[in-house]
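Presented below is the structure to which this report refers.
The values are calculated or read from the model by the stated rules, or taken from the named source; none is laboratory data. Please read these numbers as outputs of a predicted model, since none were measured by experiment. Neighbour counts run over all protein chains shown; Cβ positions are idealised from the backbone, glycine included.
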Amino acid sequence: MNQQSENAIRTFSLLAKVLPICIVAIALMVQPAQAQQPAGIVNAIAPTGGPGTEMTKMINRLGLGSDCGRCKALAAQMDANGSQWVRNNFDSIAARTISNAENLGHRMGPVRRTGVRLLIRRSIWRSR
């Protein structure tokens, strides 16, 4: 194999690792447009339950949701304790989320681990 072929393979290999995280980040940044309501009409959309609920919604939207008891318990704990608690316990929550994903059979390489951290940050932002 010549040098040019090796460089092309390395480039495509790197792209294969980075592209999924970019797609997840873009998907999470896109928010549905909110319809303008006339004055005096109350918004019928219920407020979110917190960062755990928001993270669950995003995971389900990506097609990765499951009926995992540990996942539901973590989401409930995140909701009960609020955004500030999630910020303070960020590394622990990321580790638990990654562990839950691995127990469900997901391969969690460094790119997907970064994606989990982005999901947690985004869930904090969305729950404010």
Open item on the list: Return the residues of region 91-128 that are more than 17 Å from G63 (Cβ to Cβ), part of a helix (DSSP H, G or I) and more than 13 Å from the chain's Cα centre (by Cα); say none if nothing qualifies.
Closed with: D91, S92, A95, R96, S99, E102, N103, P110
TODO: Considering only region 83-110, state which residues are touching a residue at least 12 places away in the same chain (Cβ under 8 Å), surrounded by 12 or more Cβ atoms within 10 Å (Cβ to Cβ) and more than 22 Å from D67 (Cβ to Cβ).
DONE: S83, V86, R87, F90
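Name every residue in region 67-81 that is among the small types (G, A, S), under 11 Å from R96 (Cβ atoms) and surrounded by 15 or more Cβ atoms within 10 Å (Cβ to Cβ), in order of residue number.
A75
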TODO: Please verify whether region 11-29 includes one or more residues that are closer than 22 Å to S127 by Cα, out of contact with any Ser or Thr (no Cβ under 7 Å at 6 or more places or on another chain) and modelled with pLDDT of 65 or more.
DONE: no
